[in-house]
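Undergrad: Structure below; questions to follow.
The values are calculated or read from the model by the stated rules, or taken from the named source; none is laboratory data. These figures come from a predicted structure and were not determined experimentally. All Cβ positions, even for glycine, are placed from backbone atoms using ideal geometry, and neighbour counts span all protein chains on display. Just the protein is used for accessible areas: all its heavy atoms, side chains included, with ligands, DNA and RNA removed. Shrake-Rupley method; radii C 1.70, N 1.55, O 1.52, S 1.80 Å.
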Amino acid sequence: PARMALPALALLLAAGLLHTQASPSARSFQLDYEHNCFRKDGVPFRYISGSIHYARVPRPAWRDRLLKMYMSGLSTVQVYIPWNYHETLPGVYDFTGNRDVEAFLDLTAELGLLVILRPGPYICAEWEMGGLPAWLLWKPDIILRTSNPAYLAAVDSWLHILLPKIKPRLYHQGGNIISVQVENEYGSYYACDYGYLRHLLGSFRALLGSEVLLFTTDSARAEELRCGTLQGLYATVDFGPGSNVTEAFGAQRRVEPKGPLVNSEYYTGWLDYWGEAHASTSAVWVARGLEDMLQLGASINMQVSPFLQLTSLPWPGADYKDQYKPVTTSYDYDAPLSEAGDPTEKLFAIRSVISKFQPLPVGPMPPATPKYAYGRVALRKVSACPEGCTAPAWHCSAAQHPSLSLQYADLLDVLDVLCSSGPIQSQFPLTFEALKQAHGFVVYHTQLPWDVPDPATLGAPPHSICDRGYVMLQKEYQGTLERDGRTTLHVTGRAGDSLDILMENMGRISFGANTSDFKGLLGNLSLNSRPLSNWLIYPLAIDTAVQQGWPHTALPKSSSGGRVGPAFYTGTFETPGIAWDTFVKFPDWSKGLLWINGFNLGRYWTCRGPQQTLFVPGSVLHVGHPNNITVLELEGAPPTPLLLFLDRPLYNRTLGCSTTATE
């Protein structure tokens, strides 16, 4: 394995000396086991590819990001398709707007890029439940990613919708999709169910035909390659900078003695978890590893282009590595192309390496997108303008009146808006899945059954808080219960006092454990070890309400300062005749979510870090009329609630509530 039998092939590829007499009309993309390479239209070929997640990029930015990847020297892009992004409920499909994957694939073809497709059904991608729909868990005994009949039935139904959209775009059919991955890093999953992989292989062949190249991806560990590979699926590996390239490709050679060397995920960065330092990977290190692989003639896909999601629901997932580790909202993990689509030093280092092995496209790299620091915006009462303010009521800016009052609504006071169908009665708590609630929040309400004059322990069984519970007694915030963290609080009160727990889904596990990650209260709460009962449960549809204009159309209260506990805050601002990308900072806020003009821009968690800003694409902003801001703060807003709009992101590297954010 040390020689790989490929340096000579690398020289031939670079010199363009390998040719065949293939007819121009004979489109094909195949494995050549004799010469250890791919053949495209009969000619030896190797790809240099980068990953892009259309579901994390605003549709107006698709062309810009793809063009920058093309101008970087990439011949190919690798594309995930998240099942849960498209089949939001059983049999309910959405391929419109930002979810129009066919339009995205057509754009890649227009720009001259080939595509490696990763349709799952499981994709990982640090995406909620690895792309599997939460509604699969409506059947609590389902066994995901196995030959379980209920799971296979759902998979087959989805593939019969998706793959017919893909087939006309396969390379041999005249399209630009050169290969399709089946499942993803299956060897890392506990099940090791070959029957499941065989079923998927049969389904993909039946729906895509016999000519398309199907492959798998796993780490270079022997155990993962044993469980993740199957005859009939070409086995590839993934590894990052710093790995021993010879050893890693040697692992591929043990399962694929012949054929092209392929690193399907070369990690140009690494992911961020809430509460850990912002990840960074040396550009020099990345470039060196890339050059080592290209010198061996390998085909490579880089995790080149991660971006922030921009969806109607937040989709970040979580890893499970001895404990639950939710990932940050931003998917910019020191990427060669930044969250805002800006070329970085790392991108130009990669481009320089590529230029040693193949010609670069003619022309300049497209520039960074324009940014604007819109400044300070106070969240405020919007029905009146203080004396001396000449702007319309909705245009009073923080610069004119820094102490303007804000407008807010305690979450518990607007349950009729957020749960219009009313509560569900249950003797004991029900999970999100039992309530058919995929994302977001659920309120669990009961009453103290007896007087509690002395502090009593409100507690939950082990592993039953999924993922954070904000506790209110008589609508006063008491504290937070947390998965793998604090699971008890001390409370006092009188019989009949209201007890409410707002439960938050921080993202279902996408890697590292069984992905059957149920949410909500998975066990009953107790008071001094005596179970509480008689619950009213409110599944909240916050995104729907905000998209329909609430709370800007009606908010019940105004205040001169921030509140403690879950509450909504609103404000508006106007742009100075432009709608450029920007970043929002939350000075002295705790944890919550941000919407602008109805778009859910994700979760902030300033105390936990490392992410300190949320990216706001210019495409969501209005020019010429107000932009509506809605913030749901979960633990406590600052005395003077302000947002700062900046022209660059901020991270902190020493974590904790007193840390200082750094660029």
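Undergrad: Within 10 Å, count the other beta carbons around each residue, average over each peptide in 487-499, 347-359, 458-470, 68-80, and list them highest first.
TA: 68-80, 458-470, 347-359, 487-499
Undergrad: Moving to a separate point now. Any chance you could run the full-extension gain for Q358 through A513? It's 0.36 nm times the residue separation minus the Cα-Cα distance, nm to one decimal.
TA: 51.7 nm
Undergrad: Students often check this: by mean Cβ neighbours within 10 Å, which of 420-432, 512-524 ranks highest, and how do the rest follow?
TA: By packing density, highest mean first, the sequence is 512-524, 420-432.
Undergrad: Set the Förster distance to 45 Å, then compute FRET efficiency between K258 and R63 from the Cβ-Cβ distance, nearest 0.05.
TA: Between K258 and R63 the formula returns 0.70.
Undergrad: Where Lys and Arg each count +1 and Asp and Glu each count -1, what net charge lies around G507 among other residues with Cβ under 12 Å from its Cβ?
TA: Within the 12 Å Cβ shell, the charges total 0.
Undergrad: I want the local charge near T606. Using Cβ-Cβ distances under 10 Å, sum +1 for each Lys or Arg and -1 for each Asp or Glu among the other residues.
TA: +2
Undergrad: Let me ask something else. Run the simple label-point estimate for H625 and Y320 please: 7 Å along Cα→C-beta, distance reported in nm.
TA: Placing both labels 7 Å beyond Cα along the Cβ direction yields 4.7 nm.
Undergrad: Moving on to the next point. Using θ = phi - 60° and the Karplus relation 6.51 cos²θ - 1.76 cosθ + 1.60, list the HN-Hα couplings for the range 263-273 in order, rounded to whole Hz, with x at every Gly or Pro.
TA: Coupling constants for the range 263-273: 9, 7, 9, 8, 7, 7, x, 9, 7, 9, 10 Hz.
Undergrad: Scan around M302 for amide H atoms under 5 Å from its own, H built in the peptide plane at 1.01 Å from N, and keep only partners 5 or more places away or cross-chain.
TA: Amide H neighbours of M302: S49, G50, S51, Y266.
Undergrad: Given points 7 Å out from each Cα along the Cα-Cβ axis, report the K475 to A153 separation in nanometres with one decimal.
TA: Here the answer is 4.6 nm between the modelled labels.
Undergrad: Here is a follow-up. Over the range 109-157, calculate the relative contact order: mean separation of alpha carbon pairs under 8 Å at least 6 apart, over the residue count, as a percent.
TA: Computed over the range 109-157, the figure is 21 percent.
Undergrad: In addition: Is the shape of the chain best called rounded, prolate or oblate, per the rule: a/c under 1.5 gives rounded, else a/b larger than b/c gives prolate, else oblate, with a ≥ b ≥ c the square roots of the Cα gyration tensor eigenvalues?
TA: prolate
Undergrad: Which whole-number percentage describes the relative contact order of the chain, with Cα contacts under 8 Å and a sequence gap of 6 or more?
TA: Relative contact order of the chain: 14 percent.
Undergrad: Express the carbon and sulfur contribution to the solvent-accessible surface of the range 124-233 as a percent, rounded to the nearest whole number, probe 1.4 angstrom.
TA: Carbon and sulfur together cover 54 percent of it.
Undergrad: A follow-up question, please. Applying the Karplus parametrisation 6.51 cos²θ - 1.76 cosθ + 1.60 with θ = phi - 60° to the phi angles of the range 410-417, what ³J(HN,Hα) value in whole Hz is obtained for each residue in order, glycine and proline being reported as x?
TA: My calculation for the range 410-417 gives 4, 4, 5, 7, 10, 4, 5, 7 Hz in order.
Undergrad: If packing is taken as the average count of other Cβ atoms within 10 Å, what order do 29-37, 565-573 fall into, highest mean first?
TA: Top to bottom by mean Cβ count within 10 Å: 565-573, 29-37.
Undergrad: Still on this structure, please answer the following. Tell me, what is the FRET efficiency for S526 and A373 to the nearest 0.05, using R0 = 56 angstrom and their Cβ-Cβ distance as r?
TA: The formula returns an efficiency of 0.65 here.
Undergrad: If you count only protein heavy atoms with a 1.4 Å probe, what accessible area per residue comes out for the range 421-540, rounded to a whole Å²?
TA: I get 40 Å² per residue for the range 421-540.
Undergrad: Give me the percent of accessible area attributable to carbon and sulfur for the range 421-540, probe 1.4 angstrom.
TA: About 47 percent, which is the carbon plus sulfur part of the accessible surface.
Undergrad: Mind giving me the nanometre distance, one decimal, between the label points for S421 and D141, set 7 Å out from Cα along Cα→Cβ?
TA: 2.5
Undergrad: Could you report the range 203-254's accessible area per residue, 1.4 Å probe, as an integer in Å²?
TA: Using a 1.4 Å probe on heavy atoms only, each residue of the range 203-254 averages 38 Å².
Undergrad: Run the reach check for K371 against lysines, Cα to Cα strictly under 27 Å, same-chain hits fewer than 8 apart removed. What comes back?
TA: K68, K346, K585, K591
Undergrad: Taking the Cβ of Y331 as the center, what net charge do the other residues with Cβ under 13 Å away carry, scoring Lys and Arg +1 and Asp and Glu -1?
TA: -3
Undergrad: Are there chymotrypsin sites (Phe, Trp or Tyr not before Pro) in the range 141-208 that DSSP puts in a loop and that have at most 14 other Cβ atoms within 10 Å, and which ones?
TA: Answer in residue order: Y190.
Undergrad: Given axes a ≥ b ≥ c from the Cα gyration tensor, I'd like to know whether the range 48-356 is rounded (a/c under 1.5), prolate (a/b larger than b/c) or oblate.
TA: Since a/c stays below 1.5, the shape of the range 48-356 is classed as rounded.
Undergrad: Can you list residues from other chains, or at least 5 along the same chain, whose modelled amide H is less than 5 Å from the amide H of C37?
TA: Those qualifying (amide H under 5 Å, at least 5 residues apart or on another chain) are D32, G259.
Undergrad: Suppose the chain between A109 and Y194 were pulled fully straight at 0.36 nm per residue; how much longer would it get relative to their current alpha carbon spacing?
TA: 27.1 nm
Undergrad: For the range 421-540, rounded, prolate or oblate, judged on the Cα gyration tensor with a ≥ b ≥ c (square roots of eigenvalues), a/c < 1.5 rounded, else prolate if a/b > b/c?
TA: prolate
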